[in-house]
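The values are calculated or read from the model by the stated rules, or taken from the named source; none is laboratory data. The shown structure was predicted, so the numbers you read here are calculated from the model rather than taken from an experiment. Don't worry about glycine lacking a Cβ; one is built from the backbone with ideal geometry, like all the others, and counts go over all protein chains shown. The protein model used for the area step is the full one, side chains on, heavy atoms only, and it has no ligands, DNA or RNA in it. Shrake-Rupley method; radii C 1.70, N 1.55, O 1.52, S 1.80 Å.
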Amino acid sequence: MDILLRSEFQGIPLVHRGKVRDIYDLGKHLLIVATDRISAFDVVLPNGIPHKGRVLNQISAHWFETLKEIVTHHMVTIHLEGFPGLPRSIASSLSGRAMVVQKAKPLPVECIVRGYLSGSAWNEYQEKESICGISLPPGLKESAKLDTPLFTPSTKAEGGIHDENIDFPSMVEKVGKKLAEEVREVSTRLYQQAAALAEKRGILIADTKFEFGLDEGNRLMLIDEALTPDSSRFWSQEGYGPGGPQKSFDKQFVRDYLLSLRWDKKPPAPALPEEVIRKTSEKYVEAYERLTGKALER
Ligand SMILES: Nc1ncnc2c1ncn2[C@@H]1O[C@H](COP(=O)(O)OP(=O)(O)O)[C@@H](O)[C@H]1O
Ligand SMILES: [Mg+2]
């Protein structure tokens, strides 16, 4: 089984190694490599998850294509063979797990859309009955479906520092009114369309995070990853019930295992048993196959 934990190439410069993805500079383009790394409680685990990188890359590709009428995206191709400036040996070693994208100037905000009350939004709601300055009715339960999806931006914190939720006026200060409004509108439409499609396949997208950038002509472009299990909360529709936290569609086996240990959630993380790795891998593949209706290209 080919599991990629860390990519290492001569001849193309690495610009960023994220928790899961390794990003290389190809001049006008970037090469985004989805490894099989997995993180839980914000810590990268020592094991890889078979197929995870391909699943993530191809779920993003699926959504960029499906949602392209709503907004321009940065994807150029996931078929790397013969891409100018990309050595053939690198291209063939990455089949299915990497994407060439157009380089953009990223906006300094994370664009989160929530259809359900969970995570930091649930915490904020319990404290203030509002999220990012948006008031909500009293008495909502944890994981409740919201009447309309909420746009709840956050700062994009560098290296290790946690993102902070901000209200819309603070976002306006960062990017200007016109762009802030456009991004809010586009993010909400992307989420609504994707969530409706996913729901038909039995997956609830509780919330998701988009990133946008500006291209050379200062036009808005959807960048980064799109509606993957790493950038979103996926729940199984079957078994959904407000009034408490929901099981993660993809990471629940990992979380359950880690919570069964006495680990302080600080690195280094403990190794995962084979059984947990296998079941988690199956969930990622299932997410891909349900969302796209296609068998995973391996
Ligand atoms: N088309 C693009 N142009 C420029 N930067 C991009 C583009 N797509 C994604 N990025 C940036 O690449 C980085 C990806 O990092 P990521 O893998 O998410 O690591 P981390 O775990 O540190 O968040 C983000 O900072 C994102 O803004
Ligand atoms: Mg990121």
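Here is how the numbers come out for the structure above:
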read-out: Proximal charge balance of R189 [Cβ under 14 Å; K/R count +1, D/E count -1]; value: -2
read-out: Paired Rg and Dmax values of region 1-134, which use every Cα atom, in angstrom; value: 17.5, 55
read-out: Cross-link reach list, aspartates and glutamates versus K28, counting only Cα pairs under 14 Å and skipping chain neighbours closer than eight places; value: D215, E216
read-out: Cα shape, region 12-85, gyration tensor, a/c 1.5 rule; value: oblate
read-out: Local electrostatic count at A157 - Lys and Arg +1, Asp and Glu -1, tallied over other residues with Cβ under 10 Å; value: -3
read-out: Residue-averaged 222 nm ellipticity for the chain, from DSSP H runs of 4+ at -39500 (n - 2.57), nearest 500; value: -9500 deg cm²/dmol
read-out: Entries of K145/K200; K52/K103; K19/K200; K52/K251; K68/K103 with Cα pairs more than 19 Å apart; value: K52/K103; K19/K200
read-out: Rg/Rh for region 144-244, where both radii come from Cα atoms and Rh is the Kirkwood radius; value: 0.99
read-out: Nearest-20 debye value, the chain charge dipole, Cβ charges on Lys, Arg, Asp, Glu; value: 380
read-out: Built amide H within the under 5 Å cut-off of V15, gap 5+; value: I23, Y24, D25
read-out: Cα-centred dipole magnitude for region 88-163, charges only on beta-carbon of K, R (+1) and D, E (-1), debye, nearest 20; value: 560
read-out: Accessible surface of R37 - all protein chains present, 1.4 Å probe, nearest 10 Å²; value: 20
read-out: Rounded to the nearest 20 debye, dipole of region 236-298 from Cβ charges on Lys, Arg, Asp, Glu; value: 220
read-out: Calculated diffusion of the chain, Stokes-Einstein form, Kirkwood radius summed over Cα pairs, 10 °C and 1.306 mPa s, µm²/s; value: 80
read-out: Overall Cα dimensions of region 164-213, principal axis frame, Å, largest first; value: 39, 21, 16
read-out: Rg over Rh, two decimals, region 77-149 (C-alpha only, Kirkwood Rh); value: 1.31
read-out: Cα-based equivalent ellipsoid of region 210-298: semi-axis lengths in Å, sorted from largest, via gyration tensor; value: 29, 19, 16
read-out: Residue-count net charge about D147 - beta-carbon cut-off 14 Å; Lys, Arg +1, Asp, Glu -1; value: +3
read-out: Fraction of accessible area attributable to carbon and sulfur, the chain (%, probe 1.4 Å); value: 49
read-out: Between region 55-125 and region 233-280, the Cα center-to-center distance that results, in Å; value: 24
read-out: Low-density loop positions, GluC sites (Glu not before Pro), region 1-89 - DSSP coil, at most 16 other Cβ in 10 Å; value: E8, E69, E81
read-out: Under 15 Å from K266, Cα to Cα: aspartates and glutamates that are on another chain or at least 8 residues apart; value: D42
read-out: Per residue solvent-accessible surface (Å²) - region 46-85, probe of 1.4 Å; value: 37
read-out: Residue-by-residue Karplus 3J(HN,Hα) for region 83-97, coefficients 6.51, -1.76, 1.60, Hz, glycine and proline x; value: 5, x, x, 10, x, 4, 5, 5, 4, 6, 7, 10, 4, x, 10
read-out: Charge-dipole axis of the chain as Lys and Arg at +1 and Asp and Glu at -1 on Cβ define it, positive-most pick from V254, M221, H79; value: H79
read-out: Long-range amide H partners of T77 with built H, under 5 Å; value: V100
read-out: Restricting region 220-296 to GluC sites (Glu not before Pro) in coil, as DSSP defines it, with at most 16 other Cβ within 10 Å; value: E238
